[in-house]
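The values are calculated or read from the model by the stated rules, or taken from the named source; none is laboratory data. The structure presented is a predicted model; accordingly, all values stated were derived computationally and were not measured. Note that we place each Cβ from the backbone using ideal geometry, even for glycine, and neighbour counts take in every protein chain shown.
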Amino acid sequence: MSQIAEILREMREKLPDLPIKEQEPMRLHTSFRIGGPCDAMVLPRSVEELRAVLAFLGEQGVRPLILGAGTNVLAPDERIRGIVLVTKNLTTLEQTGKTVLTAGCGAAMSRLSNFALELGLTGLEFAQGIPGTVGGGVYMNAGAYDGEIKNVAVKTEFLSFDGTMRTFAGETQGFRYRGSAFQGMEGVIVETEFCLQPGDPAAIREKMQDFAQRRRTKQPLELPSAGSTFKRPEGHYAGALIQEAGLKGFRVGGAAVSEKHAGFVVNLGDATAKDVLTLIETVQQRVFEKTGVTLEPEVRLL
């Protein structure tokens with residue numbers, strides 16, 4: 001029996017109700033719809049189950065790959081050796097103060113934004129169309145239009161692989177452009193507390209509808225992608241630089257620079273991770289040759 005098979009056997013004995021999928025295709029769990037199988041995928045449904053999984057894996061000396069909704073990642077074509085821990089079932093969402101919301105890491109950003117609307121709270125309108133989960137949004141300090149996570153996230157609970165639950169409040173969350181203190185840390189963002197402001201529901205809804213319309217008009221939402229492919233270079237816009245380099249519509253295999261918005265790399269239907277990586281590298285090279293600007297990928301490469 002292989003090592004991974006033995007680990008899974010013991011895990012099923014200790015946690016018989018834990019959802020476990022073997023040889024699960026990563027393309028089914030990423031918005032790019034790209035990725036080969038992983039040895040095993042576990043999907044805890046509660047913080048207690050998450051703690052138990054991490055404790056067991058820690059005893060085995062196993063470090064899982066953490067995945068939310070897979071909206072900002074590119075999974076490899078090859079098999080992922082090891083265990084992928086998916087947090088998208090941890091979807092708690094509650095009002096914990098007059099203007100305070102607490103969201104589990106697996107709650108969808110759009111659901112969080114709509115929950116704030118229902119309560120007449122403003123500050124999360126920007127999140128309405130951001131794909132992915134709260135955990136991923138906090139990890140990346142997601143943002144759009146006039147807002148970003150750092151403006152509203154006041155406290156985050158983080159569970160380390162060694163089982164220690166740590167609280168990061170205020171500036172200790174280390175938010176920066178498309179980054180946070182949690183990047184590079186070993187563990188899982190469990191939940192985050194957001195502090196908002198009272199607002200007019202009609203005005204909040206109008207703002208959210210405006211953002212949604214802008215996205216539908218300007219972004220290639222009809223094709224699989226991982227959102228904006230590159231971070232915004234200081235003083236520039238990635239999409240404009242790519243278009244200036246004559247790369248709108250440029251293809252490598254089944255991957256292409258979107259005709260609708262050059263800042264997006266899209267899957268035309270049969271793209272591989274190799275296609276996407278080759279396309280990203282080509283775009284970086286051409287843009288640098290044309291403008292002297294180095295584009296940095298925003299998409300996480302697993």
statement: Expected single match for surrounded by fewer than 18 Cβ atoms within 10 Å (Cβ to Cβ) and either more than 20 Å from residue 127 (Cβ to Cβ) or among the basic types (Lys, Arg) (or both) among 205, 178 is 205
- line: Apart from one, (1) of a type in the set (Ser, Thr, Tyr); (2) part of a helix (DSSP H, G or I); (3) closer than 15 Å to residue 236 by Cβ all hold for residue 282; the odd one out is (3)
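Do any strands (runs of 3 or more DSSP E) entirely within the stretch 69-158 hold 2 or more residues that are on the phi > 0 side of the Ramachandran plot and not assigned by TED's automatic domain parsing to the domain that holds residue 228, and if so, which? Before you say what the answer is, go through the steps one by one.
On the way: elements: 80-86, 93-97, 100-104.
Fully inside the stretch 69-158 and qualifying: nothing.
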task: Mind counting the residues in the stretch 222-240 that are in contact with a Gly (Cβ under 9 Å, 6 or more places away or on another chain) and surrounded by fewer than 16 Cβ atoms within 10 Å (Cβ to Cβ)?
output: 2
- prompt: Could you list, in sequence order, the residues of the stretch 109-134 that are surrounded by 20 or more Cβ atoms within 10 Å (Cβ to Cβ) and aromatic (Phe, Trp, Tyr)?
  reply: 126
message: Within the stretch 91-99, does at least one residue satisfy the condition of being touching a residue at least 40 places away in the same chain (Cβ under 8 Å) and crowded, with 19+ Cβ neighbours inside 10 Å?
response: no
Identity of the residue in the stretch 241-265, touching a residue at least 40 places away in the same chain (Cβ under 8 Å) and within 18 Å of residue 71 (Cα to Cα), that ends up surrounded by the most Cβ atoms within 10 Å (Cβ to Cβ): 265
message: Pull out all pairs, ordered by first then second residue, where Cβ-Cβ is under 7 Å, the residues are six or more apart or on different chains, the first lies in the stretch 40-55 and is closer than 16 Å to residue 7 by Cβ, and the second is of a type in the set (Asp, Glu) and surrounded by fewer than 22 Cβ atoms within 10 Å (Cβ to Cβ).
response: 40/22; 41/24
field: Selected residue (criterion: farthest from residue 146 (Cα to Cα)) from residues of the stretch 209-240 that are under 20 Å from the mean Cα position of the chain (by Cα) and of a type in the set (Ser, Thr, Tyr)
entry: 225
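For (1) outside any strand (DSSP E or B); (2) in contact with a strand residue (DSSP E or B) (Cβ under 9 Å, 6 or more places away or on another chain), each residue gets a yes or a no:
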{"residue": "182", "(1), (2)": "yes, yes"}
{"residue": "191", "(1), (2)": "no, yes"}
{"residue": "205", "(1), (2)": "yes, no"}
{"residue": "217", "(1), (2)": "yes, no"}
{"residue": "239", "(1), (2)": "yes, yes"}
field: The one condition in (1) surrounded by 17 or more Cβ atoms within 10 Å (Cβ to Cβ); (2) over 16 Å from residue 103 (Cα atoms); (3) touching a strand residue (DSSP E or B) at 6+ places or on another chain (Cβ under 6 Å) that residue 157 fails to fulfil
entry: (2)
Matching residues, the stretch 23-62, being outside any loop (DSSP other than H, G, I, E, B) and under 20 Å from residue 277 (Cα atoms): 25, 26, 27, 28, 29, 37, 38
